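K.L.:
Attaching a single structure in structure tokens format; questions to follow.
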Amino acid sequence: MAFTLEPEALARLFPAHILIDHDGRILRFGPAVGHNIPAMQVGDLLTDHCGIVNSVGEPGFLALARHSGRIVQLRARETGVVLTGAIVAGGPRILLAMHLSPVSLALADESPTDMAATRRQITDYSPGDPSVDVLLLVSMQKAMLEEARTMAMSLARERQRSDGLLDRVSRVAGYLAHDFNNMLSIIRLNAQRLLGYGALGAAETRLVQMIAETAERGSGITRSLMTLSRERNDSPTRLSPDAVIELHVPYFATCAGGEVTLKTDLQATGAMVLAPNAALVNCLINLVLNARDAMVGKGEIVIATRVLSAGEGIGPEQLQISVTDTGKGMDQAVLTRVFEPFFSTKAQGNGIGLPSVRDFARTLGGEARLESHENVGTRVEVTIPVVAQEMPGTAASLCPASSSQADAPLPAPRLKCGRHVLLVEDEPYALEAVTEMLEWEGFHVIPACDDASARAALAVQLAAGHPPDILLTDILLPDGNGTDLAAFVESQVPGVGVALMSGFVPQTSQIRDKWQFIPKPLNPEHLLSAVRALPPRMAEV
Amino acid sequence: MIHAAMRQMVVERLGEDQWLKLEREMQLGPPDFISLTVYDDAVTLRILDVSARALGLSIEEALRAFGRFWVRFADSGPFSSMMDFTGKSMADFVRNLDLMHRAVSATLPGARMPNFSVADERAEGLRIHYSSPREGLEPFVGGLLEGLMERFGLTGEVHHLPGTTRPAKFDVLFVEEGSSGGVHS
């Protein structure tokens, strides 16, 4: 059977066809051949451009005519493109009705999806060639993977950016808390001075006590800020959630807002969990903020703890922290999505608060649950495995000196103890208050407001034969560093007692073994007991 | 992918901060912008509506602008090799769009793809037929064809021929210096 195809029709049916004569000279070729073997020209010998990959029984192109109807596979020498098709021999011409092969049958070294490199297009393939669908599907998958990679990189960059921002915010919060601590120190110390004078009437005494209590609440807030700014990369540690909550109540109350009453009902005293301190505080802040947002106007938030017995919770003994509000509650549709990342019903909500609470709990081997009733309120329960039960009070090391101590008035003046204290503090009001307090206690105080004046005062004392017994210095000084000053004083006065004060907790490498550290805001009792506890100077022994 | 492209268009025109505000207004987050996911049309229309208002455009204008942007967006990301593979000329590209969409449907069951065909091809232009299970996206297709003209280095105009019968008909008229012409209906 003979049939004739117009060149255009042939090109549509077999875009990669090659027409040769019996000498193997190229008479015509399809557009796909032109795209993929650009050096090929009419009149060239096919052998100049292609080799036969499969065997058709005999070597060489001259044998092709004898194998009409067989399948031949050619490989372009220049581009590596593989063409597969039937040999159609008739008369003086041989038609090689070829198709582009997505994968070489003989040599699988051509990536089927490297479309950019091969510069192929759909029209290079014959109509209905299943290779097109395969290539498009593989290419879609490749694009999906590429997009996933791009998205992962973009998320990583976002994470870096937000980490950087958080780090800066944390540092600024730390600096602010530090300065605020200094001011609170002054207020507390001077309130103590006023109370210590003992000449106030009942009304004035009550006012001074209010000032001291307010300063104490402020101290609690700065303490929480310092915790959050300092312990961003905190690792799990054994802690008592009750002690942590108690410590941060002033901060939670601030987060709850003025119109909302925050109460605690802590029934898990001594129960210890393994958790990162700042992460626990963050978890509670998230819950308190959520509860606050759920309330219109006045309301109540209760933070409660209790230990669930093995039967009540999941697995072993669990500690349950619950935050309950009297807000508007949620409907069922919202309730089913509350832990979904980025879901929020609030205009300014980012939808990461509750999911992060659940992540926190699950990371620690616990769980987070939420119960809500419309117009009644919401209760979120976080459970964390209990790792130990300690006697009440032993976990108090987490909390700095309690406020009750701060409110105690100064005792009556003591007899002069005769010990000389070189006191360095750049806040003049704090310097004045601490000077008076120490003098009240019988110390001889040499005040200095910075590093230079401290060194000058030291020189004077040394020349007079009265070296200081104690150096009490702030760490951050306007013209230097308290730790450097301490090292210098120690070199000049061997055996001098050293106590450092700061709103920041210094690195332990900066503090020598015998030095004391006194955190700010200063608690008068804590300060005095630390100074009194310093051993006598070696020279005196 | 539509959502990701809409976000990109608004970000390019109004900045990232403005887009983040709109995202909050729409209560959407990253999960709503994963390219190869089938989303509810209602979400897409909400994004379109909010974006159009932010850009100061009517819905129709926004769709057309978005169609033009769409080609550029697809061309610059991981789908660029698929775009190249689909065709080296505008006519080939449009002719092969259904094949490309078939691969999308196979990858994303549930995706509803349109159909395109080249009804007439002449030196001076193309007559393109478009039909879709969705309604009201003709301005988007107009913008898409404009974007394709730009992609293939062509200048000219795209006209949506009046009429309500399916398929919708578009004339793409190429303009060359010193010549004029069109496709006859």
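The values are calculated or read from the model by the stated rules, or taken from the named source; none is laboratory data. Bear in mind that the values here come from a model prediction, so they are computed numbers and not experimental data. So basically every Cβ, Gly included, is an ideal-geometry build from the backbone, and we count neighbours across all protein chains shown. In case anyone asks, the SASA skips ligands and DNA or RNA and just uses the protein heavy atoms, side chains included. Shrake-Rupley method; radii C 1.70, N 1.55, O 1.52, S 1.80 Å.
K.L.:
Starting from the residue with the highest accessible area, list B:PHE66, B:PHE152, A:PHE488, A:PHE180 in decreasing order, probe 1.4 Å.
P.N.:
So the residues, ranked largest to smallest area, are A:PHE180, A:PHE488, B:PHE152, B:PHE66.
K.L.:
What is the average number of partner chain Cβ atoms found within 10 Å of a Cβ in A:136-145?
P.N.:
So the per-residue partner count for this stretch is 6.
K.L.:
For the stretch A:363-380, what does the Karplus curve 6.51 cos²θ - 1.76 cosθ + 1.60, with θ = phi - 60°, yield as ³J(HN,Hα) per residue in whole Hz, taken in order and with x for Gly and Pro?
P.N.:
With coefficients 6.51, -1.76 and 1.60, one gets 4, 8, x, x, 7, 10, 9, 9, 10, 8, 9, 4, 6, 10, x, 9, 9, 10 Hz.
K.L.:
State, to one decimal in nm, how far the label point of A:GLN492 lies from the label point of A:VAL460, with both points 7 Å from Cα in the Cβ direction.
P.N.:
My value for the distance between the label points is 1.2 nm.
K.L.:
Taking R0 as 25 Å, what FRET efficiency do you get between A:ASP359 and A:THR150 from their Cβ-Cβ distance, rounded to the nearest 0.05?
P.N.:
Efficiency for this residue pair is about 0.50.
K.L.:
Compute the FRET efficiency between A:VAL88 and B:ARG151 as 1/(1 + (r/R0)^6), taking r as their Cβ-Cβ distance and R0 = 41 Å, and round to the nearest 0.05.
P.N.:
Rounded to the nearest 0.05, the efficiency is 0.60.
K.L.:
Averaged over peptide B:104-116, how many Cβ atoms belonging to another chain are found within 10 Å of each residue's Cβ?
P.N.:
1
K.L.:
Which far-off residues, 5 or more places away or on another chain, put their amide H under 5 Å from the one on A:LEU319, with H placed in the peptide plane?
P.N.:
A:LEU308, A:ILE384, A:VAL386
K.L.:
If you take each beta carbon of peptide B:85-94 and count the beta carbons of other chains within 10 angstrom, what is the mean? Could you put the intermediate results ahead of the total?
P.N.:
Values: counts 14, 6, 3, 8, 2, 0, 1, 3, 3, 0.
Per residue, the number of nearby Cβ atoms from other chains is 4 on average.
K.L.:
Accessible area, 1.4 Å probe, largest first: how do B:LYS88, A:LYS514, A:LYS520 sort?
P.N.:
A:LYS514, B:LYS88, A:LYS520
K.L.:
Test of understanding: extend the Cα→C-beta vector of B:ARG102 to 7 Å, then name every residue of the stretch A:127-145 with backbone N under 12 Å from that spot.
P.N.:
Backbone N within reach: A:127-137.
K.L.:
Ignoring ligands, DNA and RNA, how do A:HIS35, B:HIS129 rank by accessible area with a 1.4 Å probe, largest first?
P.N.:
A:HIS35, B:HIS129
K.L.:
Here is the link list: A:LYS263/A:LYS328; B:LYS88/B:LYS169; A:LYS520/B:LYS21; B:LYS21/B:LYS169. Which ones come out longer than 29 Å on Cα distance? Each step should come with its number before you reach the end.
P.N.:
Details: A:LYS263/A:LYS328 19 Å; B:LYS88/B:LYS169 23 Å; A:LYS520/B:LYS21 41 Å; B:LYS21/B:LYS169 38 Å.
Long pairs (Cα-Cα over 29 Å): A:LYS520/B:LYS21; B:LYS21/B:LYS169.
K.L.:
Also: Skipping prolines and chain starts, which residues have an amide H placed within reach, meaning under 5 Å, of the one on A:ALA271, given they are 5 or more residues away or on another chain?
P.N.:
Answer set, sorted by chain and number: A:GLU390.
K.L.:
Using a Förster distance of 25 Å, how high is the FRET efficiency between A:ILE71 and A:GLN41, based on the Cβ-Cβ distance and rounded to 0.05?
P.N.:
Efficiency, rounded to the nearest 0.05: 0.45.
K.L.:
Quote to one decimal, in nm, the extra length available between A:LEU13 and A:HIS373 on full extension: 0.36 nm per residue of separation minus the C-alpha distance between them.
P.N.:
Here the segment from A:LEU13 to A:HIS373 would lengthen by 122.7 nm.
K.L.:
Set Lys and Arg Cβ to +1 and Asp and Glu Cβ to -1, take the dipole of the protein assembly as shown about its Cα centre, and tell me which of A:MET144, A:TRP515, B:SER76 lies farthest positive.
P.N.:
Working it through, the farthest residue towards the positive pole turns out to be A:MET144.
K.L.:
Let me ask something else. Relative contact order for the stretch A:146-278: what percent, with Cα pairs under 8 Å and sequence separation of 6 or more?
P.N.:
Relative contact order, the stretch A:146-278: 26 percent.
K.L.:
Another question, if that's okay. Using the Karplus equation 6.51 cos²θ - 1.76 cosθ + 1.60 (θ = phi - 60°), what ³J(HN,Hα) coupling, rounded to whole Hz, does each residue of the stretch A:516-532 give in order, writing x for Gly and Pro?
P.N.:
Taking θ as phi minus 60°, the curve returns 9, 10, 10, x, 9, x, 5, 9, x, 5, 5, 4, 5, 5, 5, 5, 5 Hz for the stretch A:516-532.
K.L.:
I'd like the distance separating the alpha-carbon centroids of the stretch B:40-85 and the stretch A:438-489, in whole Å.
P.N.:
The two parts, judged by their Cα centres, are 70 Å apart.
K.L.:
Sticking with this structure for a sec: Using the Karplus equation 6.51 cos²θ - 1.76 cosθ + 1.60 (θ = phi - 60°), what ³J(HN,Hα) coupling, rounded to whole Hz, does each residue of the stretch A:288-298 give in order, writing x for Gly and Pro?
P.N.:
Result, ordered by residue: 5, 5, 4, 5, 4, 5, 7, 10, 9, x, 6 Hz.
K.L.:
For A:VAL81, list long-range residues whose amide hydrogen, built 1.01 Å from N in the peptide plane, is under 5 Å from its own amide hydrogen.
P.N.:
A:ALA76
K.L.:
So what is the 222 nm mean residue ellipticity for the protein assembly as shown from helices alone, if each DSSP H run of at least 4 adds -39500 (n - 2.57) and you divide by all residues, rounding to the nearest 500 deg cm²/dmol?
P.N.:
The helix contribution divided over the protein assembly as shown gives -14000 deg cm²/dmol.
K.L.:
Over chain B, what is the relative contact order in percent, taking alpha-carbon pairs closer than 8 angstrom and at least six residues apart?
P.N.:
Once normalised by length, the contact order is 19 percent.
K.L.:
What is the spin-label model distance, in nm, from A:GLU390 to A:THR336 if the labels are put 7 Å beyond Cα along the C-beta direction?
P.N.:
Each label point is offset 7 Å from its Cα along the Cβ direction, giving 4.5 nm.
K.L.:
In addition: List the trypsin sites (Lys or Arg not before Pro) within the stretch A:119-185 that fall in a DSSP loop (any state other than H, G, I, E or B) and whose Cβ has at most 16 other Cβ atoms within 10 Å.
P.N.:
Details: sites: A:ARG119, A:ARG120, A:LYS142, A:ARG149, A:ARG157, A:ARG159, A:ARG161, A:ARG168, A:ARG171; in loops: A:ARG119, A:ARG120.
Passing both the DSSP loop test and the Cβ count: A:ARG119.
K.L.:
Test of understanding: in a Gaussian network model of chain B with alpha carbons linked when under 10 Å, which of B:MET90, B:MET26, B:MET113 would top the mean-square fluctuation ranking?
P.N.:
In the Gaussian network model the winner is B:MET26.
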